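The values are calculated or read from the model by the stated rules, or taken from the named source; none is laboratory data. Just so we're clear, the structure is a prediction, and the values are computed from it rather than from any experiment. As a convention, Cβ positions derive from the backbone with ideal geometry for all residues, glycine included, and neighbour counts pool all protein chains shown.
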Amino acid sequence: MDKQRSRRSFFLRNLMRGIIWLTVIVALFVLSKHTVDQETLAKFEPIFRNNWLVFTVYSLSEIIIGIIPPEVFLIWALRSDTLMDYIGLTLIFTVLSYLAGIIAFGVGKYLHNTLFYQYITTRYLKKTERLLQTYGQYLVLVASLTPFPFSGVAMLVGSVDYPFKKYALISLARFIKFAVSAWVIWEANLF
C-alpha cells in the first residue's frame with residue numbers, strides 16, 4: 001500500500017507542476033497578446049512562417065530532453081486559421097514528440113555503454129535514474145502525462161532493456177497530455 005501511495009503522490013506532485021507550468025505559459029501568452037506590439041512580432045515572422053524550421057527545432061528539442069516546452073509550439077500552431085488546422089498541427093507535434101521518445105529509447109538501448117550516454121546520464125539524468133529505480137514503468141506514464149522529461153525517461157528505460165512494446169504502449173499517454181494542453185491553449189486564445 002505504501003508503494004501505491006508513493007506512486008500516487010509522485011504522480012500528483014508532477015501533475016500539479018504540469019498544471020502550474022501550463023497556467024504560467026498560458027498566462028504569459030495571454031498577457032503578451034495584449035502587450036507585445038505587432039512590429040516586434042513582425043521581426044520574427046520569417047521564422048514563424050517556416051514550418052519546416054519550426055518542426056525541426058521542435059523535434060530536436062523533444063529528442064534532447066525537451067529543451068523548449070511543447071506548449072510554446074502549440075501556441076505557434078494557433079497561427080492556423082481554423083480549429084481543424086490547429087488540431088492537425090497539434091497532432092503533428094504530438095506524433096513528433098512520441099517519435100522523439102522512441103528515438104530516445106533507441107539511443108538509450110544502443111548507446112548506453114558509450115561515453116556520450118555516460119556523459120548525458122551523469123550530467124542530466126542522475127535524479128531520473130534514481131526515480132526509475134524507485135518507480136519503474138510508472139515513471140514512463142508520469143513522464144508521458146506531465147512536464148517530467150519524457151525523452152530523458154525514454155532514454156533511461158531503453159538503457160535498462162525495458163521491453164519496447166510496453167514502453168511504446170504506455171507512452172501513448174503522451175497524446176492525452178497534448179490534447180489537454182492544446183485545448184487549454186485554444187480556449188485561452190479566445191481571451
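Structure data summary
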read-out	value
Residues of the range 143-191 that turn out to be under 15 Å from Ile65 (Cβ atoms) and either in contact with a Lys or Arg (Cβ under 8 Å, 6 or more places away or on another chain) or among the hydrophobic types (A, V, I, L, M, F, W, C) (or both), as a count	13
Entirely in the range 1-52, the helices (runs of 4 or more DSSP H) that have 1 or more residues that are among the β-branched types (Val, Ile, Thr) and modelled with pLDDT of 90 or more	2-35
Selection count, the range 135-191, where residues are within 23 Å of Thr23 (Cβ to Cβ), assigned to a helix (DSSP H, G or I) and of a type in the set (Phe, Trp, Tyr)	5
Complete set of residues in the range 121-145 that are surrounded by 19 or more Cβ atoms within 10 Å (Cβ to Cβ) and over 27 Å from Gln4 (Cβ atoms)	none
Residue that is surrounded by 14 or more Cβ atoms within 10 Å (Cβ to Cβ) and either in contact (Cβ under 8 Å) with a residue 12 or more places away in the chain or not aromatic (Phe, Trp, Tyr) (or both), where the choices are Ile67, Ile92	Ile92
Failed criterion for Arg7 (all others in (1) without any contact (Cβ under 8 Å) to a residue 12 or more places away in the chain; (2) of a type in the set (D, E, K, R); (3) in contact with a helix residue (DSSP H, G or I) (Cβ under 8 Å, 6 or more places away or on another chain) hold)	(1)
